[in-house]
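**Student:** Submitted below is the structure of interest, expressed as structure tokens.
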Amino acid sequence: MMRATDAPTPTAETDASEADIDVSRVGRLFEMTSDLLATISLDGRFTLLNPAWEQVLGWTMEELQASSMGELVHPDDIEQTQALMLAGNHRSAHLENFTNRYRHKDGSWRWLLWSARCDGEEWYAAAKDVTDRMWLERQALHDPLTKLPNRLLLIDRAHQAIARLHRSSGLVALLFIDLDRFKAVNDSLGHAVGDHLLISVSERLAEMMRDSDTVARLGGDEFVILAEDLEGDSEALALAERVLHALEEPFPVGSAEVSMLASVGVSVSRNHEADPEDMLREADVAMYRAKRAGGHGLELFDESLRQEVSARMEVEDRLRHALPRHELLLAYQPMLPLSGGRPVGCEALVRWHPHDTGGKAQIGELLPAAFLARAQESELIVQIGDWVLHTACAQAATWQRDGIEIQISMNVSARELTELDLAERVREELAYCRLPGRALCLEVSEEAILRDPERARSALKDVKRLGVTIALDNFGAGESSLSLPRDLPLDMLKLDRALIGGFERDKHRRAMVVAMIALAHEASLKPVAVGIETNRQLALARELGCAIGQGFLLHRPVSPERVRLRDTPGAVTSAPWRPLVRLRGYNHRRH
Ligand code: C2E
Ligand code: MG
């Protein structure tokens, strides 16, 4: 073996310029540097190495020189490495920033970053061990649970795939996959099982795709497949169909099995200037349409969806200007004791009065259903939430100055609950308006809590420490988890108005209401029946043990000037809430 120190020392015969270079010092540099230096034959064998290699790869220099490239280079990198080495046939060949993996003596792999030149017979190479950097980059670009590429890497690969479209006649497709009812599985079987299922899903998706495709996980139960070289929409849809079938195959969970149904949205493009973020958004929108249609299906993003999206973006755009233009207002709807008396609280409900209707006829007042979902998809909900908190607290302070002590309730969206320091914002606002914590109640829905139960619980505990009341809103609207009220720092349980709306005729709903009211009492929470529109509903709510109600029959949401909060008998008794029926248990009939 030839080491640098084995190189001949300069003699009288050696070239003067060689002597000038001072070969012995160069030799010491070669010996001492921590960079990896080597000469390599065109078939990839080391012909000369410096000792740094022993440090990095664990093999002796003799062992390294005796090994072929196939024994040292990672199987996935060998083909490309061989091709590059052979390209050294051309005298001027050189390579920069090339990375590949070499086997360490302990069996692990080290990433090397190469810079090399070839004189037509041999490569003169310098390499660096960049394993740590590659590991960090990998961490930054991969999902820690499933090890799949994350959103960042997906978008980068989609950029490259789209750029390749200009020399291909095929198309690029993004498939947005959302597992149906995964949250329910996660809640009922536990997070460890949920994680295991997500890993199994990721493996199954990766198995069914070609190596050139990318399977990524965006988070939660959302996966995206990037596929290229597809012939047309129908091939992309067939792929989505195969994904649905693959997930239907049961996954083993302990001694049982679980099938994963999914909703898939597909976006395709032939345009080499398409924006991957736009494509991802389109696939997401299509997935939502599949979900709205009942789940376990697929949708292609098409012209009708494009129009829907642009209409939505227009609303979002106008909503962005609503706050600075003072177009948002709060309406107030009291909560009243069902046996009569003054309101026990008052819910602030946001309303939008757009001045600029985008050239359309005057719209008048918009209810939250028309715009809140848009706001919740963006950071706008945070600004709106801030404004609601400020306006509601200012209103409570005004009423207090007028001698009306009333607790104001406000609705808090999922984003505010889990992404922001809610307690700090509430504390500041209460202090600014000089209000005690009990002047405010925060209403949070189960849906918002279930998005991130741990963070929601901790945010609510912090808010509760300020003396603020917490209500669980829309209880019974979705798949209610009856254990939820026990785990959270709650004071009030607001039964969803869909339950109250149907509970006179529907035995099943009535049974649910009975169970929920019992649950509230058992957990020392005040049940509130929301959506009371008829005397019969009012009477039944009372009969079932609900002491507080909110509904159009009792009081509609109105502007702060028109809301009746004083202790006037008219507040409730003027509403015809007295039962028109005599109650005999729940199955009574009208006489
Ligand atoms: P919610 O929190 O369940 O509020 C009660 C909703 O029921 C209000 O609808 C109210 O007008 C309506 N309601 C009350 N009694 C009756 C009744 O007897 N019959 C009928 N049909 N409806 C009744 P609204 O104002 O349209 O608000 C809808 C939802 O929008 C609210 O449901 C709440 O989840 C959300 N929301 C409203 N304001 C805000 C806000 O400032 N911030 C956030 N994050 N969400 C808000
Ligand atoms: Mg509410």
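**Student:** Would you check if there is a residue in segment 429-441 being within 14 Å of ligand 1 (Cβ to nearest atom), of a type in the set (A, V, I, L, M, F, W, C), at pLDDT below 95 and more than 23 Å from residue 191 (Cβ to Cβ)?
**Tutor:** So far as segment 429-441 goes, no, none of its residues is within 14 Å of ligand 1 (Cβ to nearest atom), of a type in the set (A, V, I, L, M, F, W, C), at pLDDT below 95 and more than 23 Å from residue 191 (Cβ to Cβ).
**Student:** Kindly establish whether residue 393 is modelled with pLDDT of 95 or more and out of contact with any Leu (no Cβ under 9 Å at 6 or more places or on another chain).
**Tutor:** Numbers: modelled with pLDDT of 95 or more: yes; out of contact with any Leu (no Cβ under 9 Å at 6 or more places or on another chain): no.
So residue 393 fails the test.
**Student:** Answer yes or no: is there a residue in segment 357-379 that is in contact with a Ser or Thr (Cβ under 6 Å, 6 or more places away or on another chain) and at pLDDT below 95.
**Tutor:** Our first condition is that a residue be in contact with a Ser or Thr (Cβ under 6 Å, 6 or more places away or on another chain); within segment 357-379, this holds for 363, 376.
Checking which are at pLDDT below 95 leaves us with 363, 376.
Scanning segment 357-379 turns up at least one residue that is in contact with a Ser or Thr (Cβ under 6 Å, 6 or more places away or on another chain) and at pLDDT below 95.
**Student:** Now for a separate question. Where residues in segment 368-417 are more than 22 Å from residue 438 (Cα to Cα) and part of a loop (DSSP other than H, G, I, E, B), which of them is most open to solvent (accessible area, probe 1.4 Å)?
**Tutor:** By that ranking, first place goes to 379.
**Student:** Pick from 519, 554, 540: which is away from ligand 1 (no atom under 16 Å from the Cβ) and crowded, with 17+ Cβ neighbours inside 10 Å?
**Tutor:** Details: 554 fails: away from ligand 1 (no atom under 16 Å from the Cβ); 540 fails: away from ligand 1 (no atom under 16 Å from the Cβ).
Result of the check over 519, 554, 540: 519.
**Student:** Mind counting the residues in segment 486-512 that are within 14 Å of ligand 1 (Cβ to nearest atom), closer than 22 Å to residue 524 by Cβ and modelled with pLDDT of 90 or more?
**Tutor:** 5
**Student:** Show the residue pairs meeting these rules: Cβ distance below 9 Å; 6+ apart or different chains; first residue within segment 107-121 and of a type in the set (Phe, Trp, Tyr); second residue loosely packed, with under 12 Cβ neighbours inside 10 Å.
**Tutor:** Listed pairs, sorted by first residue: 111/132; 111/135; 114/96; 114/97.
**Student:** Something else now. Within segment 277-288, how many residues turn out to be open to solvent by less than 60 Å² (accessible area, probe 1.4 Å), in contact with a helix residue (DSSP H, G or I) (Cβ under 8 Å, 6 or more places away or on another chain) and either closer than 20 Å to residue 369 by Cβ or not aliphatic (A, V, I, L, M) (or both)?
**Tutor:** Here is the first cut: in segment 277-288, the ones open to solvent by less than 60 Å² (accessible area, probe 1.4 Å) are 279-280, 282-287.
Going one step further and asking which of them are in contact with a helix residue (DSSP H, G or I) (Cβ under 8 Å, 6 or more places away or on another chain), we end up with 279-280, 282, 285-286.
Subsequent filtering for residues that are either closer than 20 Å to residue 369 by Cβ or not aliphatic (A, V, I, L, M) (or both) retains 282, 285.
Of the residues in that region, 2 qualify.
**Student:** Further question on the same structure: State yes or no: is residue 447 over 24 Å from residue 322 (Cα atoms), surrounded by fewer than 19 Cβ atoms within 10 Å (Cβ to Cβ), within 16 Å of ligand 1 (Cβ to nearest atom) and of a type in the set (Asp, Glu)?
**Tutor:** Numbers: over 24 Å from residue 322 (Cα atoms): yes; surrounded by fewer than 19 Cβ atoms within 10 Å (Cβ to Cβ): yes; within 16 Å of ligand 1 (Cβ to nearest atom): yes; of a type in the set (Asp, Glu): yes.
In short, yes.
**Student:** Also, quick follow-up: Scan segment 418-440 for residues that are under 10 Å from residue 463 (Cβ atoms) and open to solvent by less than 30 Å² (accessible area, probe 1.4 Å) and jot them down.
**Tutor:** 422, 423, 426, 437, 440
**Student:** Can you name the residue in segment 450-485 that is within 13 Å of ligand 1 (Cβ to nearest atom) and either among the β-branched types (Val, Ile, Thr) or touching a Ser or Thr at 6+ places or on another chain (Cβ under 6 Å) (or both) and, of all such residues, is modelled with the highest pLDDT?
**Tutor:** 473
**Student:** Here is a follow-up. Give the residue that is nearest to ligand 1 (Cβ to nearest atom), with candidates limited to residues of segment 522-531 that are without any contact (Cβ under 8 Å) to a residue 60 or more places away in the chain and open to solvent by less than 60 Å² (accessible area, probe 1.4 Å).
**Tutor:** In the first step, residues of segment 522-531 are kept if they are without any contact (Cβ under 8 Å) to a residue 60 or more places away in the chain; the result is 522-527, 530-531.
Then keep just the ones that are open to solvent by less than 60 Å² (accessible area, probe 1.4 Å); that gives 523, 525, 527, 530-531.
Numbers: 523: 20, 525: 17, 527: 14, 530: 6, 531: 4 Å.
The extreme case among them is 531.
A quick yes/no check of all residues on (1) in a strand (DSSP E or B); (2) among the basic types (Lys, Arg):
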| position | (1), (2) |
| --- | --- |
| 277 | no, no |
| 282 | no, no |
| 290 | no, no |
| 312 | no, yes |
| 325 | no, yes |
| 329 | yes, no |
| 332 | yes, no |
| 349 | yes, no |
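The values are calculated or read from the model by the stated rules, or taken from the named source; none is laboratory data. Keep in mind that this is a model prediction, so the values were computed, not measured. Methodologically, a virtual Cβ is constructed for each residue, glycine included, from the backbone with ideal geometry; neighbour enumeration extends over all protein chains shown. To get the accessible areas, we keep the full protein, side chains included, count just its heavy atoms, and leave off ligands, DNA and RNA. Shrake-Rupley method; radii C 1.70, N 1.55, O 1.52, S 1.80 Å.
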